[in-house]
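The values are calculated or read from the model by the stated rules, or taken from the named source; none is laboratory data. Remember, it's a predicted structure, so these values are computed and weren't measured experimentally. Neighbour counts are summed over all protein chains in view; Cβ atoms, including those assigned to glycine, are modelled from backbone coordinates with ideal geometry. Just so you know, the surface numbers come from the protein's heavy atoms only, side chains and all, with ligands and any DNA or RNA stripped out. Shrake-Rupley method; radii C 1.70, N 1.55, O 1.52, S 1.80 Å.
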Amino acid sequence: AFADYQHPEKNGLSGSRNIYITTPDGATLGVWQVLPDNLSDVNGTDDKIFEKMLDNGQNVVIYNHGNSGSRLSDHRVELYQVLRRHFHVIAVDYRSKCVYKFTLI
């Protein structure tokens, strides 16, 4: 009830931001972009700065957690802290169903 997704830094994830994406079918998902440790001194939520950081050559881990808990769960925050030692981390909310569209070529 008191979860603060807007400020991941309050959960030990400095150098992070909260954003929202809308899927093609209209679902809105919350996302945290967690910068690697070597870039985590970035302060603020300037979208252009965070987007530019993704182009620094380090690999990106897109983490889609299961249907229990949230991206704010303690064990997940601990995992992001471990992963960020070497990677950018993109943590996406669980959306309850996946819709895939394939085009045969």
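Global dimensions of the chain from alpha-carbon coordinates: Rg and Dmax equal 14.3, 48 Å.
Comparing 15, 69, 26 in a Gaussian network model of the chain where C-alpha atoms under 10 Å apart are linked, the largest mean-square fluctuation is found at 26.
Among the trypsin sites (Lys or Arg not before Pro) in region 1-100, those placed in a DSSP loop whose Cβ has at most 12 other Cβ atoms within 10 Å are 85, 97. Here's how it looks for residue 63: its modeled amide H is under 5 Å from those of 90, 91, 92, which are all 5 or more places away or on a different chain.
Entry note, the chain: the mean residue ellipticity at 222 nm calculated from DSSP H runs of n ≥ 4, each adding -39500 (n - 2.57), is -4500 deg cm²/dmol after division by the residues and rounding to the nearest 500. Expressed as a whole percent, the accessible surface of the chain that belongs to carbon and sulfur atoms is 53, based on a 1.4 Å probe.
Whole-Hz Karplus values for region 67-75 come out as 8, 10, x, 8, 5, 8, 4, 3, 5 Hz, taken residue by residue from phi with 6.51 cos²θ - 1.76 cosθ + 1.60 and θ = phi - 60°; glycine and proline positions read x.
Between residue 55 and residue 68, what is 0.36 nm times their sequence separation minus the Cα-Cα distance? Round to one decimal in nm. Could the numbers behind the result be given before it?
Values: separation 13, 0.36 × 13 = 4.68 nm, distance 3.19 nm.
Contour length minus the Cα-Cα distance gives 1.5 nm.
Working note: Karplus 6.51/-1.76/1.60 with θ = phi - 60° gives region 22-28 the couplings 10, 6, x, 8, x, 6, 9 Hz, where Gly and Pro are set to x.
Beta-bridge orientation, the chain: approximately 70 percent antiparallel, per DSSP, counting only bridges with both partners inside.
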